[in-house]
Each structure stands twice: as structure tokens, then as C-alpha cells.
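Peer 1: Structure incoming, see below.
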Amino acid sequence: MSIVHKSPWFIRKPASRPANLRIFCFHHAGGNANIFLPWNKLLSDGVEVVGVQLPGRGLRRHEPLMTSSDQLLQALGNAFVSEMDQRPFVFFGHSMGAWLAFELARWLERRGIQGPSQLIVAGRGAPQLAFRMAPIDDLPDAEMIDSLRKFNGIDDALASYPELLKLFLPVIRSDLLLHRTHRYLDEPPLACSIRAIASDSDPLCGTEDVRAWSSQTAGDFEFQLYAGGHFFFHLEPSRHVPMILEPIGSSGTHGNRA
């Protein structure tokens with residue numbers, strides 16, 4: 001699969017013509033933006049999926065990992081402003097990516113820059129609430145792996161290869177530290193609408209924690225509940241991704257407060 005890299009922060013598949021709507025996807029802790037690229041074939045023509053790639057993984061694996069949320073948001077925000085054009089766009093974030101997408105949307109609004117038409121968040125309670133997951137970024141390797149297995153945060157095949165673990169564990173430790181040490185600040189709600197997605201067997205966030213995202217928007221709010229665990233849509237993307245993303249439509253707007 002050919003991949004386009006105009007900026008190290010954003011990866012996409014080559015397109016025959018410009019998309020009418022771009023969906024910027026933010027991965028979970030320890031993740032990689034490449035997981036989103038197959039989603040392009042699951043969505044309508046005119047919709048492009050763009051993966052947001054953080055330093056220290058993929059083709060950026062030789063770059064230093066970032067553990068300061070302020071530095072990350074400044075660097076990512078500047079890169080995103082250079083990426084923007086006149087087309088509407090949507091942010092989708094899963095778990096840690098939900099938090100990062102939300103904070104980037106606030107970073108843009110704070111500076112009077114046009115933000116996403118919609119923020120879609122999954123697998124993460126509202127940012128004003130305490131995160132349910134106990135800190136594990138400072139645990140010994142074996143204990144950390146056991147903790148990750150409890151919510152399918154690590155593949156058994158990966159856990160059985162020491163050489164791959166040497167690459168993976170520093171990345172997820174850094175991401176979890178970044179997430180844990182970020183300090184939430186109370187600010188006005190976002191202008192864009194929010195769709196919040198929960199799964200009924202997610203050990204990291206309850207459904208009411210996800211519903212609490214409603215206070216973070218001055219626009220429409222939509223809540224969706226699915227069966228499954230923390231990574232439910234990654235396990236069956238062809239079934240779930242169109243339902244999660246497709247209703248946005250080419251205008252980039254959808255949903256009612258619920």
C-alpha cells in the first residue's frame with residue numbers, strides 16, 4: 001500500500017482527486033497512525049482518512065519521544081496549521097487520541113483558527129473527569145505487560161517477541177506518561193459538535209464518563225454505545241467504522257444533543 005508523507009505528522013493514501021472532507025485520526029497510546037489508512041476503503045468517495053503520526057514510531061521512530069503535552073500541542077498545532085486548506089475537516093480520536101484531538105481543537109480555537117466541524121471521541125471519558133486507569137507507565141516490564149493485557153492493550157504475538165517489545169514498550173510508556181501528566185484546564189466549550197462513543201465492556205471508561213463529553217461542546221452532542229471492549233472497532237473495522245464515521249457526510253456535520 002502506497003503512503004503519502006507531505007509532513008511527518010500526517011500520513012495518507014494517494015488519492016486520484018482531492019477529498020471534500022478530511023477526517024484526521026489520532027491513535028491510542030502506543031499506537032501508530034498506519035492503523036487508520038485501511039479505513040479509506042470503508043468510507044464514501046470524497047472522504048479522506050488522514051492519520052496523525054506522533055514522533056518515535058513508524059517512519060518517525062528515530063525521532064525523540066515527546067512527554068510534554070505543551071510541547072507536543074505546540075509542535076502538532078503548528079504542523080496542522082500548515083496542513084489546513086479551505087476544506088472542512090473532522091477530528092477522530094481513540095483513547096489517548098481522543099484527549100489529544102480535543103486539546104488540539106482547543107489549541108486552534110484559543111488562537112482564533114478554524115477548528116474541526118466535529119470532534120468524534122471513543123474509548124475515553126470526558127477530560128474534566130479523573131482517568132480511571134491506574135498509572136502503569138513506571139511499572140517493570142512484566143507487570144506493565146500484564147496490565148496492558150487486561151484491556152487488550154498489547155497483542156499476545158507482540159508480547160512473545162523480546163525484540164519487538166524493546167521497540168514498543170518505550171513508546172507506550174512515553175505516551176502514558178504524556179497522558180497522565182497533562183493538566184486539564186477549564187475553558188469555554190468547543191464550538192464544534194461532539195460525538196462520543198462508548199463500548200459496554202470497556203474497563204477504562206464507563207458509559208456515563210463518556211456521556212460527560214456533552215459539557216465540552218456548545219453545539220450538538222451525540223452519544224453512541226456499542227457492544228465490545230476498549231478496541232472494539234479495531235477488531236471489526238468493516239462493521240463498525242462506517243457507522244462511527246460515515247454519518248458525518250460530506251458537510252462534516254451531524255448529530256443532535258442527547
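Peer 1: Go over the candidates Arg106, Arg124, Arg149 one by one and state the one that is of a type in the set (Lys, Arg) and more than 16 Å from the chain's Cα centre (by Cα). Even if it seems obvious, please write down each step before you answer.
Peer 2: Numbers: Arg106 fails: more than 16 Å from the chain's Cα centre (by Cα); Arg124 fails: more than 16 Å from the chain's Cα centre (by Cα).
After applying the criteria, what remains is Arg149.
Peer 1: Identify all residues within the range 104-147 that are free of Cβ contacts under 8 Å to residues at least 60 places away in the same chain and hydroxyl-bearing (Ser, Thr, Tyr); write none if there are none.
Peer 2: Ser147
Peer 1: Between residues in the range 67-79 that are within 19 Å of Asp137 (Cβ to Cβ) and residues that are hydrophobic (A, V, I, L, M, F, W, C) and surrounded by 14 or more Cβ atoms within 10 Å (Cβ to Cβ), which pairs lie under 6 Å by C-beta distance while being six or more apart or on different chains?
Peer 2: What qualifies is Thr67/Leu177; Thr67/Leu178; Ser69/Leu178; Leu72/Met66.
Peer 1: Kindly evaluate Ser201 against the criterion of being within 25 Å of Pro38 (Cβ to Cβ), surrounded by fewer than 18 Cβ atoms within 10 Å (Cβ to Cβ) and touching a Gly at 6+ places or on another chain (Cβ under 6 Å).
Peer 2: So Ser201 passes the test.
Peer 1: When both residues are 6+ apart or on different chains and their Cβ atoms are under 6 Å apart, which pairs have a first residue that lies in the range 39-53 and is within 18 Å of His27 (Cα to Cα), and a second that is modelled with pLDDT under 90 and crowded, with 17+ Cβ neighbours inside 10 Å?
Peer 2: As it stands, the answer is Asn40/Lys13; Glu48/Ala19, since those pairs meet every condition given.
Peer 1: Residue under question is Asp175, and the condition is that it be closer than 18 Å to Leu204 by Cβ, modelled with pLDDT of 90 or more, assigned to a helix (DSSP H, G or I) and among the charged types (D, E, K, R); does it hold?
Peer 2: Details: closer than 18 Å to Leu204 by Cβ: yes; modelled with pLDDT of 90 or more: yes; assigned to a helix (DSSP H, G or I): yes; among the charged types (D, E, K, R): yes.
It is true that Asp175 is closer than 18 Å to Leu204 by Cβ, modelled with pLDDT of 90 or more, assigned to a helix (DSSP H, G or I) and among the charged types (D, E, K, R).
Peer 1: For the range 87-139, what are the residues that are acidic (Asp, Glu) and either in a loop (DSSP other than H, G, I, E, B) or surrounded by fewer than 19 Cβ atoms within 10 Å (Cβ to Cβ) (or both)? Please lay out each step first, then the result.
Peer 2: Taking the range 87-139 first, the residues acidic (Asp, Glu) are 103, 109, 137-138.
Once the filter is applied, which keeps residues that are acidic (Asp, Glu) and either in a loop (DSSP other than H, G, I, E, B) or surrounded by fewer than 19 Cβ atoms within 10 Å (Cβ to Cβ) (or both), the range 87-139 yields Glu109, Asp137, Asp138.
Peer 1: Okay, moving on. Please work out which residue is surrounded by the fewest Cβ atoms within 10 Å (Cβ to Cβ), limiting yourself to the range 204-227 and to residues that are closer than 18 Å to Ile244 by Cα and among the acidic types (Asp, Glu).
Peer 2: Asp220
The values are calculated or read from the model by the stated rules, or taken from the named source; none is laboratory data. In this text the structure is predicted, and so the values were computed from the model without any measurement. Quick reminder, even Gly has a Cβ in these numbers, built from the backbone with ideal geometry, and neighbours come from all protein chains shown.
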